[in-house]
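Everything below concerns the one structure shown next.
What follows draws every value from the coordinates through simple rules; no lab data is involved. Just so we're clear, the structure is a prediction, and the values are computed from it rather than from any experiment. No Cβ is skipped: glycine too gets one built from the backbone with ideal geometry, and neighbour counts run over all protein chains shown.
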Amino acid sequence: MIRNSAYRMSDKRHQNITILNRSLKYSIWPGGKQKILCFHGFGQDRYSYEKICEAMKETHTVYSFDLPYHGETRFPKVEKTLLPADWLEFMTSFFEKEQIEDFEAMGYSMGGKYAMITAQLFPEQIKKLHLIAPDGITTHFSYKFTTYPFLFRKLFKTQIENPWVFKALVKTLRSLKIMNNYTLRFAESQMDTEFKRSQVYYSWVNLRHFLPKLKTLATQLNEHQTPTYFYIGKHDKVIDSKTVAPLHQLLPKSKMLILDSGHSQLVNSVANHLASQNRN
């Protein structure tokens with residue numbers, strides 16, 4: 001993929017953290033003294049935070065990661081799940097390598113899981129938590145259905161090369177009006193090539209036990225008075241304010257910002273919001 005942006009070309013460096021046969025790729029955009037870790041959404045890569053980097057460069061140095069099965073990060077395609085203990089090992093190595101003592105974390109959609117678990121694992125080092133339409137707070141039944149029971153995981157895996165069951169399911173859901181058409185179109189867009197179907201399968205299956213403990217996280221954030229921000233798109237039909245309510249309600253001092261955006265453009269909307277805040 002060609003990177004045309006002058007800001008992308010000014011990346012200070014690209015690095016890996018390798019543990020056994022798993023390699024985590026990240027890039028560093030140098031800027032201000034504050035450090036922020038950014039975790040992207042499904043189907044994206046570390047460059048999806050380009051506008052966030054630009055908006056925060058006066059105050060923050062940005063570390064943006066390619067998550068497992070995305071970008072240049074290399075994880076084996078096996079059904080061994082990623083656990084918070086594994087992530088602790090990666091992040092401990094990362095903080096030692098980059099000599100980071102405290103940090104902020106930002107996660108969009110799927111990346112919200114990584115941001116929340118990182119905050120949970122390092123409660124004294126996390127200084128701010130930014131959650132952009134985060135996944136991992138409310139787990140949808142269909143996710144449990146397709147990833148937890150062994151037989152259904154096998155059925156789900158067959159969809160990589162033979163997506164006919166998925167297509168039949170979407171057709172049925174659409175005809176019965178069980179799910180809104182926007183959500184179905186979003187699902188179709190994530191499953192329209194063999195590569196994407198493989199990415200969905202291994203991302204979902206290997207993250208099935210990778211979830212924050214909401215009460216533990218909330219207790220820690222409240223105890224350390226860690227500022228927490230929820231960014232929700234006004235037109236987002238994938239993750240809305242009700243979806244994040246179980247955590248938001250446990251954090252009486254947290255802030256929820258409703259931005260004029262749908263799901264797919266929400267990161268850029270957050271970047272515009274942060275840029276306007278910095279100008280003021």
- Cleavage-rule hits (trypsin sites (Lys or Arg not before Pro)) in region 203-280: DSSP loop, at most 16 neighbouring Cβ within 10 angstrom: Lys213, Lys234, Lys237, Lys253
- Treat each spin label as a single point 7 Å out from the Cα along the C-beta direction, and report the Asp260 to Ile100 distance in nm. 3.4
- Exposure proxy ranking, count of Cβ atoms within 10 Å, fewest first, for Ile132, Ile117, Ile28: Ile28, Ile117, Ile132
- Note on the structure: The FRET efficiency for Lys213 and Arg13, from their Cβ-Cβ distance with R0 = 25 Å and rounded to 0.05, is 0.15
- Task: Any chance you could run the full-extension gain for Thr81 through Lys127? It's 0.36 nm times the residue separation minus the Cα-Cα distance, nm to one decimal.
- Result: 13.7 nm
- Item | Fewest-first sequence of Ser276, Ser203 by Cβ atoms within 10 Å of each Cβ | Ser276, Ser203
- Note on the structure: From fewest to most C-beta neighbours within 10 Å, the residues His273, His40, His209 line up as His209, His273, His40
